[in-house]
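*Asks:* Mind looking over this structure? Questions follow.
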Amino acid sequence: MDHRRIPFRTAFESAFPEPSSVAQNLVGTKCLSVDVEGTSHGVRKHLHENIALSHEEAARRLGTTAVYYLTGVAASIGIDLMDRGALPSAGTYPAESLEPASVFAEWNARGLPIQRIERSASN
């Protein structure tokens, strides 16, 4: 074994397979979930929302895993909102501070509809 220096990036990239080589054989589903319980107009409610994408579908769409695909879509939605001036000003915003209707419309426009379950919660 020689003792030459290897750049960190080269060592890091050589330790992990290229995502598209993994995506073709990966099965299962990545799910982004939100679970909220609270009071709306005096009624106690429980809301559960999911965006689900199978690894097979992500591989078919882009040759990647569902984890990478959904992460990229979320980032692209944020960039689109910035580009359209939909954010109030410069800065960092948590997802829950954004206008829900426009964010949900962006997920739908990308073929990733949000599944929503709402029910009355016990007090």
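None of the figures in this text is laboratory data; all of them are computed from the coordinates on show. Everything numeric in this text was worked out from a predicted model, so none of it was measured. Neighbour counts are summed over all protein chains in view; Cβ atoms, including those assigned to glycine, are modelled from backbone coordinates with ideal geometry.
*Asks:* What do you get for trypsin sites (Lys or Arg not before Pro) in the stretch 34-98 restricted to DSSP loop and a cutoff of at most 12 other Cβ within 10 Å of the site's Cβ?
*Replies:* Numbers: sites: 44, 45, 60, 61, 84; in loops: 84.
Of the trypsin sites (Lys or Arg not before Pro), the ones in loops of the stretch 34-98 whose Cβ has at most 12 other Cβ atoms within 10 Å are 84.
*Asks:* Shifting gears a bit: Below 11 angstrom from the Cβ of residue 105, what's the summed charge of the other residues (Lys, Arg +1; Asp, Glu -1)?
*Replies:* For residues surrounding residue 105, the net value is -2.
*Asks:* Just want the answer: with Cβ charges of +1 for Lys and Arg and -1 for Asp and Glu, which residue in 62, 15, 26 is farthest toward the dipole's positive end in the chain?
*Replies:* 15
*Asks:* Would you mind getting me the FRET efficiency between residue 41 and residue 20? Use the beta-carbon distance for r and R0 = 41 Å, nearest 0.05. The partial results should precede the final answer.
*Replies:* Values: r = 48 Å, r/R0 = 1.17.
Result of the calculation: an efficiency of 0.30.
*Asks:* At residue 57 and residue 108, where each label point lies 7 Å from the Cα along Cα→Cβ, what is the point-to-point distance in nanometres?
*Replies:* 1.6
*Asks:* Continuing with the same structure: Taking Kirkwood radius over Cα pairs in Å as the quantity of interest, determine which of (i) 17.6; (ii) 15.1; (iii) 14.0 was computed from the displayed structure.
*Replies:* Derived directly from the coordinates: (i).
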